[in-house]
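Everything below concerns the one structure shown next.
A short reminder: the numbers here are calculations on the coordinates, not readings from a lab. The shown structure was predicted, so the numbers you read here are calculated from the model rather than taken from an experiment. Here Cβ is always computed from backbone atoms with ideal geometry, including for glycine, and neighbour counts include all displayed protein chains.
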Amino acid sequence: MMTGVSEREEEGFGVTLEELQMKMAEFARERDWDQFHSPRNLLLALVGEVGELSEIFQWRGEVPRGLPDWKDEEKQHLGEELSDVLLYLVRLSDICGIDLGKAALRKLDLNAIKYPVKLSKGSSKKYSQINNGDDCDTCGGSNGDSDGGGGGNGGAVGINNKDKRQ
């Protein structure tokens, strides 16, 4: 039977993606939900959860780090919605046979190439703008745009918004 807290967590260690993956697989198996967990269905569920997460921030304007003005109940709700997104993402990667941890580390390495500190520090420009329009040959995707570039780094670590119009 699935429990909420692992021994590692009780001892002060963080939860791993592998632990979440195993717990999600067990959770689905116990309920006979594997039949519903196709990549498409999981992706659509993930998108729905991202929408619910977005609603929390809608109409709030910019929110300072740490959410100092938020009530405990609001932070708890945020944690629940963030968890929904994470759990669906972990389950989707498992069903697709993708090692999410390795894929994320690889992506960070690729983004480090596309956004060298020397050229991108303090800038939200797209890699093609900071590299004088040169495409990143080692970054994958068409035109090396596999990170979803287009809007610069937006202040997030290795994350960009895709805009195919550029």
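Computed values, structure above
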item	result
Local net charge near residue 25, Cβ-Cβ under 13 Å (Lys/Arg +1, Asp/Glu -1)	-3
Residue-wise HN-Hα coupling along segment 62-69, computed from phi with Karplus coefficients 6.51, -1.76, 1.60 (Hz; x: Gly, Pro)	5, 10, x, 4, x, 6, x, 8
Two-decimal Rg/Rh across segment 15-102, once Rg and the Kirkwood Rh are taken from alpha-carbon atoms	1.04
J(HN,Hα) series, segment 116-127, from Karplus relation 6.51 cos²θ - 1.76 cosθ + 1.60, nearest Hz, glycine and proline x	x, 3, 4, 9, 10, 4, x, 10, 9, 5, 5, 4
